[in-house]
Amino acid sequence: MSDPVSPNPVPSDSPSPGEENPSAEATVRRSSLARPLSSTAVMGAGVLSETPLHYGASLREQRVLEEQDGLVDLPHLRVLRLSGPDRLTWLNSITTQKIDTLAPGVSTETLVLDPNGRIEGWLKIVDDGEALWAISELNTDQTLDFLRKMVFMMRVEIDDLSDDFQCFGAVTALPEKLPVTQLWADPWPHIGVGSASYAQIDLGLEVAGTDHPGLETPFVIGIVKRTDLQGLSAKDFSMAGFDAWEALRIAAWRPGRSEIDHKALVGELDLLRTAVHLAKGCYRGQEAVARVHNLGQPPRRLTFVHLDGSGHIAPDPGSDVLAEVRGSQRSVGTLSSVTVHWQLGPIGLAVVKRNLSPEAELSFEMSDGDRVVGAQETIVAPVREHERVLPARNKDVDMRNQNR
């Protein structure tokens, strides 16, 4: 069982299980504010070894962050810079978002998909008029390799600036004393032009439903040059740990790196609302996205889970989600993220089978054999009506089943 204060797994920049893990992915980039830190700072492990998980009071840090006073050190995020006059039209042609007309200062996100529509890369992007800045924490080396292979004769240069720049997160705004080079403002949960929501709470609407919890926490991420941080330390700010950042993300129904596995589709996680444009030109995986959107349903769905906190324990991320199926308890999905929220208590995000009843009680087996139960709050709708009406069968040319 994980520590309920720091229950989430280390976010990995590596491929899904079963794929090769290039040694470059294991590189740790030291936070420029990591030293000197408060003596209460608890650091992560692996990719998060220079990232403070918390400063001894995770719940209080969540409140400080939510009230727009906190700053989160995110040195594990990778910083990329795409320059050249063709950068927008080129990236528009190979990723999911419409970027060719992206105005300077406007933040969005885009995905790299495989031919079957599965998520392989995820970039948070903003253009400054001269270059496109991208933040990545998902399979960054593979994404860079793909992008560089797709340049061909286009006037684009791609640089990995992760050793020279680092990221900081906050809600609404970053502290004025932080020397920010570029700011990314999370578009979540607003529904972009040409995009669509798969969430039950605002299904069919052109804007996010007023009750969507994501509206309460507008995340921002600042890209800062490491040399500009000289003379500053964590003691100069109201610091909150990465655990607090994750807790607010989960409460906002915001999918993150933990929700992406080797078969993740955009519709399962409600990522179409901010990361996909449904009416732009072709890109790798576009046919699979369009087929699900116009004809089918995603095989899984993201759901919010309220966990029973009476036992003061939390299941591990990655635990099987169990529910009664045909008279017995069976696995129906995976608990992807877990946290203890300062107001909501133990909560999590899970990716479950689409046809699982939203009323079904969930349970999670602990390492000692005990079980923790949970209740669902629907995020992605189990059934979504299609926006396009399919043409009727022309009986003059299609003779199938004519005699039935």
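Among the numbered criteria (1) in contact with a Gly (Cβ under 6 Å, 6 or more places away or on another chain); (2) over 30 Å from Pro115 (Cα atoms); (3) in contact (Cβ under 8 Å) with a residue 40 or more places away in the chain, which single criterion is violated by Asp308?
Going through the list (1) in contact with a Gly (Cβ under 6 Å, 6 or more places away or on another chain); (2) over 30 Å from Pro115 (Cα atoms); (3) in contact (Cβ under 8 Å) with a residue 40 or more places away in the chain, Asp308 breaks only (1).
Considering segment 239-258 alone, what residues qualify as being under 16 Å from Phe168 (Cα atoms), open to solvent by less than 20 Å² (accessible area, probe 1.4 Å) and not in a helix (DSSP H, G or I)?
Result: Ala240, Gly241.
Return the residues of segment 275-312 that are assigned to a loop (DSSP other than H, G, I, E, B) and acidic (Asp, Glu); say none if nothing qualifies.
Going through segment 275-312, the residues assigned to a loop (DSSP other than H, G, I, E, B) turn out to be 276-285, 295-299, 308-312.
Answer for segment 275-312, where residues must be assigned to a loop (DSSP other than H, G, I, E, B) and acidic (Asp, Glu): just Asp308.
Taking the criterion of being open to solvent by 10 Å² or more (accessible area, probe 1.4 Å), touching a residue at least 12 places away in the same chain (Cβ under 8 Å) and closer than 16 Å to Pro75 by Cβ, would at least one residue in segment 196-209 satisfy it?
Taking every residue of segment 196-209 in turn, none turns out to be open to solvent by 10 Å² or more (accessible area, probe 1.4 Å), touching a residue at least 12 places away in the same chain (Cβ under 8 Å) and closer than 16 Å to Pro75 by Cβ.
Can you pull out the residues in segment 311-342 that are without any contact (Cβ under 8 Å) to a residue 40 or more places away in the chain, over 19 Å from Arg257 (Cβ atoms) and among the small types (Gly, Ala, Ser)? Before the answer, list the steps.
Taking segment 311-342 and keeping what is without any contact (Cβ under 8 Å) to a residue 40 or more places away in the chain, we get 324-333, 335.
From the residues that got through so far, the ones that are over 19 Å from Arg257 (Cβ atoms) too are 324-332.
Across segment 311-342, the qualifying residues are Gly327, Ser328, Ser331.
Scan segment 296-334 for residues that are open to solvent by less than 20 Å² (accessible area, probe 1.4 Å), among the polar types (S, T, N, Q) and touching a Lys or Arg at 6+ places or on another chain (Cβ under 7 Å) and jot them down.
Answer for segment 296-334, where residues must be open to solvent by less than 20 Å² (accessible area, probe 1.4 Å), among the polar types (S, T, N, Q) and touching a Lys or Arg at 6+ places or on another chain (Cβ under 7 Å): there is none.
Need pairs with beta-carbon distance below 7 Å; first residue under 12 Å from Gly192 (Cβ atoms) and free of Cβ contacts under 8 Å to residues at least 40 places away in the same chain and within segment 86-115, second open to solvent by less than 10 Å² (accessible area, probe 1.4 Å) and among the hydroxyl-bearing types (Ser, Thr, Tyr); sequence gap 6+ or separate chains.
Ile99/Thr110
Any idea how many residues of segment 40-58 are part of a helix (DSSP H, G or I) and open to solvent by 30 Å² or more (accessible area, probe 1.4 Å)? Don't jump to the end; show me each part of the working.
We begin by selecting, within segment 40-58, every residue part of a helix (DSSP H, G or I); these are 46-48, 58.
From the residues that got through so far, the ones that are open to solvent by 30 Å² or more (accessible area, probe 1.4 Å) too are 46-47.
Adding up the residues that qualify gives 2.
For segment 343-360, give me each residue that is surrounded by 20 or more Cβ atoms within 10 Å (Cβ to Cβ) and either in contact (Cβ under 8 Å) with a residue 60 or more places away in the chain or among the small types (Gly, Ala, Ser) (or both).
Kept after step one, since they are surrounded by 20 or more Cβ atoms within 10 Å (Cβ to Cβ), are these residues of segment 343-360: 346-352, 356.
Selection gives Pro346, Ile347, Gly348, Leu349, Ala350, Val351.
Condition (residue is under 19 Å from Gly374 (Cα atoms), crowded, with 20+ Cβ neighbours inside 10 Å and touching a Gly at 6+ places or on another chain (Cβ under 8 Å)) applied to segment 270-283: is it met by at least one residue? Break it down stepwise before answering.
So in segment 270-283, the residues under 19 Å from Gly374 (Cα atoms) come out as none.
No, there is no match, as no residue in segment 270-283 is under 19 Å from Gly374 (Cα atoms), crowded, with 20+ Cβ neighbours inside 10 Å and touching a Gly at 6+ places or on another chain (Cβ under 8 Å).
Regarding segment 90-99, can at least one residue be identified that is under 20 Å from the mean Cα position of the chain (by Cα) and among the charged types (D, E, K, R)?
yes
Can you pull out the strands (runs of 3 or more DSSP E) entirely within segment 59-144 that have at least 1 residues that are open to solvent by 10 Å² or more (accessible area, probe 1.4 Å) and of a type outside the set (Ser, Thr, Tyr)? Spell out the reasoning first.
Values: elements: 71-74, 78-83, 107-113, 119-127, 131-136.
Here the list reads 78-83, 119-127, 131-136.
Considering segment 259-271 alone, what residues qualify as being assigned to a helix (DSSP H, G or I), closer than 16 Å to Asn139 by Cβ and either modelled with pLDDT under 95 or over 10 Å from the mean Cα position of the chain (by Cα) (or both)?
Result: Val266, single match.
Every residue in segment 253-299 that is among the acidic types (Asp, Glu) and either out of contact with any strand residue (DSSP E or B) (no Cβ under 6 Å at 6 or more places or on another chain) or more than 28 Å from Phe219 (Cα to Cα) (or both), please.
Keep residues of segment 253-299 that are among the acidic types (Asp, Glu), which gives 259, 261, 268, 270, 287.
Residues satisfying the conditions are Asp261, Glu287.
The values are calculated or read from the model by the stated rules, or taken from the named source; none is laboratory data. Please read these numbers as outputs of a predicted model, since none were measured by experiment. Counting neighbours? That spans all protein chains shown, and the Cβs are built from the backbone with ideal geometry, glycine included. To get the accessible areas, we keep the full protein, side chains included, count just its heavy atoms, and leave off ligands, DNA and RNA. Shrake-Rupley method; radii C 1.70, N 1.55, O 1.52, S 1.80 Å.
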